[in-house]
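Below is one structure, written out as structure tokens; the observations come after it.
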Amino acid sequence: MNEKQTGNIVTNGINSRSLWAEAWLRFKRNRVAVAGLIFVAFLIVVSIATLVLDLVTSNEIYNAYVVKQNLSLKLAPPSAEHVFGCDEYGRDILFRLIWGTRYSLFIGVVSIAIALVGGGILGSIAGFYGGKVDQMIMRVMDVFLSIPSMVMAIAIVSALGTGMTNLLFSIAVPQIPRLARIVRASVMSVKDREFVEAARSVGAGDFEIILKYIIPNALSPIIVQASLSVGAAILSIAGLSFLGIGVQPPAPEWGSILNAARTYMRDAWHISVIPGLMIMITVLSLNVAGDGLRDALDPKLKN
Amino acid sequence: MSFLSIDNLKVDYVTDDGIVHALNGVSLELVQGETLGLVGETGAGKTTMAKCIMGILPKRTGKIRSGEITFEEKNLLKCSEKELQSIRGAQIAMIFQDPMTSLNPVLTVGEQIAEAVENHERCGKARAMERAEEMLELVGIPAERVHEYPHQFSGGMKQRVVIAIALACNPKMLIADEPTTALDVTIQAQVLEMMQSLKRQLNTSMLLITHDLGVVAQNCDRVAVIYAGEIVEYGTVMDVFKRMKHPYTQGLFSSIPQINADVKRLNSIPGLMLDPTLDVEGCRFCDRCKYATEECRINHPELVEIESGHSVRCFQKK
């Protein structure tokens with residue numbers, strides 16, 4: 001048959017790669033996304049490095065540079081010795097930022113991952129089955145949405161006590177309804193497409209249809225929303241830390257540095273601007289990387 | 001020997017705007033290895049019937065009021081979802097109307113064929129992929145393209161992929177819902193020819209839904225003409241094409257444009273199909289029928305066998 005030959009010509013070479021290899025190829029073409037990914041990877045490396053350093057030196061560096069107060073350097077502006085200056089207790093901002101990476105990034109990413117699993121499951125069940133199930137799940141979500149996320153986080157932490165797990169949980173829970181709504185809407189727009197019906201007619205079960213047909217097709221808005229939520233999560237940690245129920249001082253969490261800096265904003269701009277910029281760049285990087293990932297995973301944009 | 005039989009099937013769609021009577025007591029029989037053509041205009045209930053057989057009627061709106069669908073001595077309408085899942089794809093498969101939308105855009109065609117196989121045969125992923133390659137070759141697509149995505153195929157090739165999925169588990173029965181509507185004429189001929197030869201190889205029965213009478217003439221053994229949710233004429237291709245009795249069938253045939261007839265306007269059947277939300281007492285076609293009498297408006301005609309294997313639902317039997 002004619003098409004056989006043309007088929008051969010068209011296909012040479014692109015068959016052998018896996019989905020992820022191909023996604024990576026496409027991801028690489030998007031410069032901005034690569035830059036975002038590199039920055040996020042850099043932050044991950046930094047946080048692992050500080051963890052390892054602390055283990056090896058049994059917190060020596062941490063104690064000497066990150067939390068040790070030196071009031072003679074109080075609010076010192078940026079200089080050759082202290083590139084980003086010092087905070088209100090004379091601690092070097094650069095060190096605090098480096099050591100703070102793991103708190104902000106870890107809590108931000110992990111809490112959104114938890115929220116994504118929770119919201120994803122609830123949203124896809126609600127969207128897929130519709131009717132009473134949908135009503136039940138979404139009305140509960142509405143109740144959650146009606147409570148301001150900060151108030152709910154405070155309530156959760158006060159009920160369960162401070163600590164890393166509870167903090168993660170308190171940031172994840174308020175994000176669940178937001179993500180559930182987006183997943184639900186996205187699933188609903190996909191579930192009536194003909195290929196879902198076609199999948200059913202070759203004997204696929206509900207679980208399989210949701211996992212293989214609906215979620216992958218509904219993923220784009222979810223990825224974007226999740227990467228945006230990481231930024232929101234980092235900011236909520238800051239808020240909770242400010243209230244004294246987040247990351248406990250003197251741990252150098254970015255948000256808590258930022259919050260503490262408010263009082264000194266007029267005298268020492270560097271304490272608020274620099275952590276603020278870090279949060280902004282991190283969130284931006286996560287966003288562009290998430291955006292690029294979405295485009296790379298969409299086979300329709302392949303060529 | 002009847003293989004699939006539909007008995008007095010009534011289906012309504014319950015919508016906010018009223019109850020739509022999609023099927024009003026349809027009875028049909030399909031013999032093993034035979035092709036039955038189902039012809040009718042848009043909205044006559046063709047696809048509804050196909051979906052009923054597959055058990056994929058929309059749950060919220062679609063309501064089966066009465067009837068039985070017997071497939072190999074099993075009433076499909078009484079089967080549990082689990083049983084249906086094991087029948088769908090393995091015993092009865094369906095080819096969808098529009099190949100552009102009936103393939104999942106994020107899975108490769110190979111994965112989609114393999115999935116149909118994995119659903120029913122307890123075999124490994126590798127074996128299922130091998131089967132996918134075999135199926136692609138069978139429908140005339142080189143096996144190397146198994147790792148490509150649907151958007152990399154042309155329309156005709158996508159339809160072949162859809163057919164490959166439907167045939168992947170050697171189903172005993174194939175429902176083809178307007179398989180060639182989205183294709184151009186040359187590809188249409190190729191696809192139909194391929195379906196015919198596959199059907200012969202695998203001894204599959206086929207329910208071919210179409211509104212193209214040419215397709216029916218070429219491919220079917222028997223034809224059922226459906227109008228407003230009712231079978232109005234049923235018989236062999238010869239019976240229906242040469243000795244049609246129902247005025248609607250006659251109207252259908254006279255609206256085929258003739259190349260050698262010099263006419264300004266094409267023939268059509270006057271009027272529109274009955275509003276499917278209405279309950280009617282008389283014949284559903286009487287408003288558009290030039291032979292209609294008082295009797296047609298009051299009484300509802302039954303499907304009557306007028307010669308062996310040829311039935312018509314009409315009082316006048318022209």
Of A:Arg29, A:Arg102, A:Arg178, which is the most mobile in a GNM of chain A whose springs link Cα atoms less than 10 angstrom apart?
A:Arg29
Angle between chain A longest axis and helix A:164-191 axis [Cα atoms, degrees, rounded to 10]
30
For the stretch B:2-220, averaging the sequence separation of alpha carbon pairs under 8 Å that lie six or more residues apart and dividing by its residue count, the contact order in percent is 26
Lys/Arg +1, Asp/Glu -1 at C-beta; chain B dipole; positive extreme among B:Gln32, B:Ile259, B:Gln97:
B:Ile259
Two-site label geometry, A:Met136 and A:Ser79: point separation in nm, points 7 Å out along Cα→Cβ:
6.6
Helix by helix, which DSSP H runs in chain B go 24 Å or more along their axis at the Cα atoms and have an average Kyte-Doolittle hydropathy of -0.5 or more?
B:185-202
What does the average come to when, for each residue of peptide B:98-105, you count the partner chain Cβ atoms lying within 10 Å of its Cβ?
6
What net charge do the residues around B:Ala168 carry, taking every other residue with its C-beta under 13 Å from that of B:Ala168, with Lys and Arg at +1 and Asp and Glu at -1?
-4
Looking at the protein assembly as shown, I'd like the Rg to Rh ratio, where Rg is from alpha-carbon atoms and Rh is Kirkwood's inverse mean 1/r.
1.14
A:Phe169 accessible area, 1.4 Å probe, all protein chains in place, Å² to nearest 10
100
Rounded to the nearest 5, what % of the DSSP beta bridges within the protein assembly as shown are antiparallel ones?
65
Sorted by chain and number, the residues with a modelled amide H under 5 Å from that of B:Ile95, at a separation of 5 or more or across chains, are B:Ile175, B:Ala176, B:Asp177
Potential extension, A:Ala185-A:Arg266 segment - 0.36 nm per residue separation minus Cα distance
24.6 nm
Give me a single rounded figure for B:113-126: the average over its residues of other chain Cβ atoms within 10 Å of their Cβ.
2
Nearest 10, in degrees from 0 to 90: the angle of helix A:149-160 to the longest Cα principal axis of chain A is 70
Pop a pseudo-label 7 angstrom from the Cα along the beta-carbon direction at both B:Arg127 and A:Val56 and give the gap in nm to one decimal.
5.2
Taking 7 Å along the Cα-to-C-beta vector as the label spot, tell me the B:Val14-A:Leu211 distance in nanometres, rounded to one decimal.
3.4
Expressed as a fraction of 2.2 N^0.38 Å, the rule-of-thumb size for a compact globular protein of N residues, what is the C-alpha radius of gyration of the stretch A:17-148?
1.59
Radius ratio Rg over Rh of chain B, counting only Cα atoms, Kirkwood formula for Rh:
0.99
On a 1.4 Å probe surface of the protein chains, which of A:Lys28, B:Lys82 comes out largest in accessible area, and what is the full order?
B:Lys82, A:Lys28
In order through the stretch A:254-261: 3J(HN,Hα) via Karplus (6.51 cos²θ - 1.76 cosθ + 1.60), integer Hz, x for Gly, Pro
4, x, 6, 4, 4, 5, 5, 6
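The values are calculated or read from the model by the stated rules, or taken from the named source; none is laboratory data. Keep in mind that this is a model prediction, so the values were computed, not measured. With ideal geometry, Cβ positions are generated from the backbone for all residues, glycine too; neighbour counts draw on all protein chains shown. These area figures cover heavy atoms from the full protein model, side chains too; ligands, DNA and RNA do not enter into them. Shrake-Rupley method; radii C 1.70, N 1.55, O 1.52, S 1.80 Å.
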